[in-house]
Every structure is written in C-alpha cells, then in structure tokens.
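Chemist: First the structure, which I've put down as structure tokens, then a few questions once you've had a look.
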Amino acid sequence: MNINTFLKRYCTKTVCYCRILSMVTLLFIVFMLHSCNEFTENDTPVSELDTAAVFEEKNTAYGAMANVFAQMRDNGMLTGKTTGMQKEMGLYADELIWYGNTTQNSANFFYNTLIPTHPTLANWWNNSYSQIYAANAVIEGVAGSTKLLQADKDQLTGEAKFARAFVHFYVLQLWANVPYVTGTDYRYNSTLKRLPTAEVYAKIIEDLESATTLLPEEYTNPTRVRPNSYTAQALLARVYLYAGMWPEAVNSASRVLNKTGTYTWITELNNVFLKESRATIWQYAPRTPTRNTDEGTTFIFNAGPPNSVALTSSLINAFETADQRKAKWIRSISKEGTTWYHAYKYKKTGSNTPQLEFSIVLRLAEMYLIRAEARARQGELSNAKEDLNVIRNTAGLGNTAAVTQDEILDAILHERQVELFSEFGHRFFDLRRFGALDRTLSGIKADWNNTDNLLPLPQNELNLNPNIGPQNSGY
C-alpha cells in the first residue's frame, strides 16, 4: 500500500490519533527521502514502501527507529530548540527571565498566564503522542518481521520501549494522570482514559526493565546516540527516584556508576558537554554532520540586552563564590553598566567544522545526585554526602557542611539547581518533588497559584477525547 492509498483509507475521520497515525507513516517515508544522521540509506522506491516493508530490511528498520529519536530531538517538548521545555520550563520556574515580546508564546510561561488553548501545550502533547505512536509502530513492526535477526529485533524493541517510557515520563511530569499508549489502533487510542500517576510509573518501569534486558550492554555507536542497557538503567534510576522507590533508585544509579569501563567521571568542566565526553550516557546527534546543538543557539547571545532569555539573578546568586561551574558554564555580557548572563554549557551555535557538541540528554552527574538523594531519604547520610561531594569537589568546592537528613536534602536540591540548570526542566520538577515549588515561586511570580504545579491539558485534546478529562485543577 503506498502512502496516498494509506492516507485516503485511514484519514476520513477527524480523530486525534488518526492524525498521529498519518504522521507516523509519513515519518517512515521521510526517512527514506532523507536518511537519519549516521544511518545507511536504502534504495527501495518510496512509492513501493508500506509500514510492513520497513521492518523486513535491517537498514530501514533501524532508520525507522532513528527517526523516532530524530523527532524527539527536533519536535515537541524534548527538543533543545526555543520551542522545547528546556527553555519554556526554565521560564516557568526560576531559571530564566524573559526579554522577548510579551505577545510571544514563551511570555505566558514566564508570566504564569498559561491557558488550555495555548499553542505550545498542544504542540507538546501532539508531538509526544506522535513519538509514542511511532515507537509503538516500531515495536509492532519488528514483532511481525520475518527477516530481521533476533539480535536486531531485541535492540530495536528495547530502543522503542526506552523511547516510549522516556516520552511518557515527561508527559506525566507536566500533566499527571495521563494515558499510557502501547498500541497503534487509533480507534482504541482515541478513547483512552487518563491513568493514576502510580499506574503510569508502573508502566514506565515495566518498559524500562524490559529495555534493560533487550538492549546490548555496549553502545552500537561511539557517539552514544543510540541507547544501551545502561541508558535504560539511568532513566530507571530517575523514575524510581520520582516514584519514591529509594532502594531501587540507588541500585539502578549504582549499576551505571559502576560501569567504569564505559563511563568516566570528567573533572574538567569545559569537557563535560563535548560530544566525545565519557560522562555522557545518552545524547542526540545534531541534524547534519557540521551542526552543533540547538541548545547553544537557544541560550547563547553575544550582545545586550538579550533578544529572548537570560539566566535569573536568583540562579546566578545561588552559586558559591568558588564554584567553577559559574565560571565555566555561565557567560556574562555587559553593556552600559548592565550585565546579563546566559547558559554556556554548550559553547557553539550553528555549524562548525569539526563538530564539537551533541545535545546531552542523560549524563553521569545526575546519577550521583539521584543516588545521593535516594540514600539520604532512606537514612544513609554518610553515603549520601559522599556522592554529593563528588559533584561539589569537581566544581572546586569543599565537602558539604550538611549534617542532618533535612540539611543534606536541602544541599542536594541546591546542588541539583547549580549542576543541572537549563537541562530538560530539572529545576521545576525538583522543586515540586521536594515540596518547595510554592514557597520558591510564589515569591518570584506575582500570580503563582498552588495549582500551577501542573500545566493545563490542551483544550483541543479534551474536545477530541473527553475521556482524558477533567481539566487539571485551576484551569
């Protein structure tokens, strides 16, 4: 069945997941027209392709999965572009200040004026479930393949389950009680209900535990753009932490940290975000071989005042005097007596030869911070401090002075603020997890309400599928 026949047959109904079905099929075709990054092109004519044929050849099957990751990198909430949550949730929390026009979409995040019809929310929701649907299509396509070797089936299925869990995790953090989609039947999917948070966590954990057994221990590519089993373990560590499963979080983080033949702690801060960093667990490859990261383009500015965003004074002031992260991961721009600051973890914008930086999604420092927090929460205070001090000492700071459990947890929250700033919304989720969201943001944002700990569900999705209601409180 060619793409035109497919669209005519299945796109007669105005249903949200029908739109997704069309988009996913198009993704496979787009891959055939433009191969994804480092993966081999296939010469099968586009007009002869259908979704089953994609999974009968190794190159196209891997290309389909590579395209799922490419969509995560380029579209929706998980991109490093200006439309992604690294910027928007930084504005929503206390990391970034907005310098753009008040009529732009990002201003609503900064001024706390989000409403259910906000276009960014619809973009994030639709792209997230498109990516989830694409991962499901890979899982089903691989299972039905008669030609792929079992090792390839395992890897592709593991990658798809990892991607499905990863995207669901972030959808859960932003909206809570969300549908967990595991199939490609759009009629069924279009009526799915929201699940309780605990059930969503259980399904994410199930996917990731399966991925750890399916994925190979070693990376299949030296650039670490395809996950291995320890990538799934790293995400499991985070999920366990968020779910309050402290022993499991410690064990998963330890499995990654103990893999010293693959992962190496980097003591030179300027090398942490280079594409060959051995502290990287998983990263996005840029769209072309000479391009650097979208994050660099999003955050870096070379003249003041900024056109878009800059770091807040509260973040700048959170760094201790001797903290080398402030010196090496933040850059100042001054004009006529005024100074602005921007994130400088990534130091390149646009194209560069040789290519120096990839967008890092998971890295070793978070594993130390996860293990420190999980240990502290179950009373292993000396071990928690030991992990925390690895981070502090690398930043040029002395050991933590925290003694009690509460002091150590406060120190961990602070260390996460100055270590993980401008990375995938960590700050907002950390404040909420620590119960510090209201007291932190109510003093900064004039209209902050305690119901703002979740985003409003996109109104169009509620209209299409009332089962995902009711709307989150406060909207």
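Chemist: Tell me which of these Tyr99 doesn't satisfy, since it passes every other one: (1) modelled with pLDDT of 95 or more; (2) out of contact with any helix residue (DSSP H, G or I) (no Cβ under 6 Å at 6 or more places or on another chain); (3) surrounded by fewer than 23 Cβ atoms within 10 Å (Cβ to Cβ); (4) within 20 Å of Pro227 (Cβ to Cβ).
Modeler: Of everything listed in (1) modelled with pLDDT of 95 or more; (2) out of contact with any helix residue (DSSP H, G or I) (no Cβ under 6 Å at 6 or more places or on another chain); (3) surrounded by fewer than 23 Cβ atoms within 10 Å (Cβ to Cβ); (4) within 20 Å of Pro227 (Cβ to Cβ), Tyr99 misses just condition (4).
Chemist: Quick check, is Val225 at pLDDT 95 or above, hydrophobic (A, V, I, L, M, F, W, C) and not in a loop (DSSP other than H, G, I, E, B)?
Modeler: Details: at pLDDT 95 or above: yes; hydrophobic (A, V, I, L, M, F, W, C): yes; not in a loop (DSSP other than H, G, I, E, B): no.
Considered against the rule, which asks whether it is at pLDDT 95 or above, hydrophobic (A, V, I, L, M, F, W, C) and not in a loop (DSSP other than H, G, I, E, B), Val225 comes out as no.
Chemist: Just the residues that are more than 19 Å from Asn383 (Cβ to Cβ) and not small (Gly, Ala, Ser), please, taken from the stretch 239-258.
Modeler: Pass one, the stretch 239-258, residues more than 19 Å from Asn383 (Cβ to Cβ): 239, 242-243.
Residues satisfying the conditions are Val239, Tyr242.
Chemist: Does Ala343 count as over 14 Å from Glu423 (Cα atoms), surrounded by 15 or more Cβ atoms within 10 Å (Cβ to Cβ) and within 22 Å of the chain's Cα centre (by Cα)?
Modeler: For Ala343, the condition - over 14 Å from Glu423 (Cα atoms), surrounded by 15 or more Cβ atoms within 10 Å (Cβ to Cβ) and within 22 Å of the chain's Cα centre (by Cα) - is not met.
Chemist: For the list (1) in contact with a Pro (Cβ under 6 Å, 6 or more places away or on another chain); (2) buried (at least 22 other Cβ atoms within 10 Å of the Cβ), I need the number of the one condition that Ala122 fails.
Modeler: Going through (1) in contact with a Pro (Cβ under 6 Å, 6 or more places away or on another chain); (2) buried (at least 22 other Cβ atoms within 10 Å of the Cβ) one by one, Ala122 breaks only (2).
Chemist: Oh, and also: For the stretch 279-290, what are the residues that are touching a Lys or Arg at 6+ places or on another chain (Cβ under 9 Å) and not aliphatic (A, V, I, L, M)?
Modeler: Within the stretch 279-290, Thr280, Trp282, Gln283, Tyr284, Pro286, Arg287 qualify.
Chemist: Let me ask something additional. Examine the stretch 272-286 for a residue that is assigned to a helix (DSSP H, G or I), of a type outside the set (Asp, Glu) and modelled with pLDDT of 95 or more, and state whether such a residue exists. Walk me through how you get there before you give the answer.
Modeler: To start, the set of residues in the stretch 272-286 that are assigned to a helix (DSSP H, G or I) comprises none.
No, every residue in the stretch 272-286 fails to be assigned to a helix (DSSP H, G or I), of a type outside the set (Asp, Glu) and modelled with pLDDT of 95 or more.
Chemist: Take the conditions surrounded by 16 or more Cβ atoms within 10 Å (Cβ to Cβ), out of contact with any Pro (no Cβ under 6 Å at 6 or more places or on another chain), over 24 Å from Thr82 (Cα atoms) and among the aromatic types (Phe, Trp, Tyr) and apply them to Tyr368. Does it pass?
Modeler: Criteria met by Tyr368.
Chemist: For the stretch 449-459, how many residues meet the condition of being crowded, with 18+ Cβ neighbours inside 10 Å and assigned to a loop (DSSP other than H, G, I, E, B)?
Modeler: 4
Chemist: Still on this model: Is it the case that the stretch 74-87 has a residue that's touching a Pro at 6+ places or on another chain (Cβ under 8 Å) and either within 23 Å of Gln233 (Cα to Cα) or surrounded by fewer than 23 Cβ atoms within 10 Å (Cβ to Cβ) (or both)?
Modeler: no
Chemist: Sticking with this one: Go through the stretch 77-108 and report how many residues are closer than 26 Å to Lys348 by Cα, without any contact (Cβ under 8 Å) to a residue 24 or more places away in the chain and not in a loop (DSSP other than H, G, I, E, B).
Modeler: Residues flagged as closer than 26 Å to Lys348 by Cα, without any contact (Cβ under 8 Å) to a residue 24 or more places away in the chain and not in a loop (DSSP other than H, G, I, E, B) within the stretch 77-108 amount to 2.
Chemist: Return yes or no: is Thr231 of a type in the set (Val, Ile, Thr) and in contact with a strand residue (DSSP E or B) (Cβ under 6 Å, 6 or more places away or on another chain)?
Modeler: Criteria met by Thr231.
Chemist: What are the pairs, 6+ residues apart or on separate chains, where a residue within the stretch 113-131 that is within 19 Å of Ala176 (Cβ to Cβ) has its Cβ under 7 Å from a residue that is acidic (Asp, Glu) and surrounded by fewer than 23 Cβ atoms within 10 Å (Cβ to Cβ)?
Modeler: Short answer, once both residue conditions are applied: Trp125/Glu461.
Chemist: Restricting to the stretch 188-208, count the residues that are in contact (Cβ under 8 Å) with a residue 60 or more places away in the chain and not small (Gly, Ala, Ser).
Modeler: Of the residues in that region, 5 qualify.
Chemist: Scan the stretch 300-328 for residues that are in contact with a Leu (Cβ under 7 Å, 6 or more places away or on another chain) and farther than 20 Å from Gly100 by Cα and jot them down.
Modeler: Glu320, Ala322, Asp323, Gln324, Arg325, Lys328
Chemist: Does Arg375 qualify as being within 18 Å of Glu95 (Cα to Cα), modelled with pLDDT of 95 or more and under 26 Å from the mean Cα position of the chain (by Cα)?
Modeler: Criteria not met by Arg375.
Chemist: Can you tell me which residue is surrounded by the fewest Cβ atoms within 10 Å (Cβ to Cβ) among those in the stretch 409-439 that are more than 30 Å from Thr79 (Cβ to Cβ) and either of a type in the set (Lys, Arg) or touching an Asp or Glu at 6+ places or on another chain (Cβ under 9 Å) (or both)?
Modeler: Arg439
Chemist: Here's another thing I want to ask about it. Testing Ala70 on (1) more than 28 Å from Pro222 (Cα to Cα); (2) in contact with a Cys (Cβ under 7 Å, 6 or more places away or on another chain); (3) at pLDDT 95 or above, one condition comes back false. Which one is that?
Modeler: That leaves (1) as the condition not met.
Chemist: Further question: If you go through the stretch 161-183 one residue at a time, do you hit one that is surrounded by fewer than 15 Cβ atoms within 10 Å (Cβ to Cβ), aliphatic (A, V, I, L, M) and in a helix (DSSP H, G or I)?
Modeler: No.
Chemist: Using the structure shown, decide if Glu295 is part of a loop (DSSP other than H, G, I, E, B), modelled with pLDDT of 95 or more and closer than 14 Å to Glu357 by Cα.
Modeler: Spelling it out, it is not the case that Glu295 is part of a loop (DSSP other than H, G, I, E, B), modelled with pLDDT of 95 or more and closer than 14 Å to Glu357 by Cα.
Chemist: For the list (1) of a type in the set (Ser, Thr, Tyr); (2) in a helix (DSSP H, G or I); (3) at pLDDT 95 or above, I need the number of the one condition that Tyr188 fails.
Modeler: Single failed check for Tyr188: (3).
Chemist: Moving on to the next point. Suppose the filter is in contact (Cβ under 8 Å) with a residue 12 or more places away in the chain, part of a loop (DSSP other than H, G, I, E, B), of a type in the set (Gly, Ala, Ser) and on the phi < 0 side of the Ramachandran plot; does Ala253 pass it?
Modeler: No.
The values are calculated or read from the model by the stated rules, or taken from the named source; none is laboratory data. Everything quoted here is computed from the prediction, not taken from an experiment. Methodologically, a virtual Cβ is constructed for each residue, glycine included, from the backbone with ideal geometry; neighbour enumeration extends over all protein chains shown.
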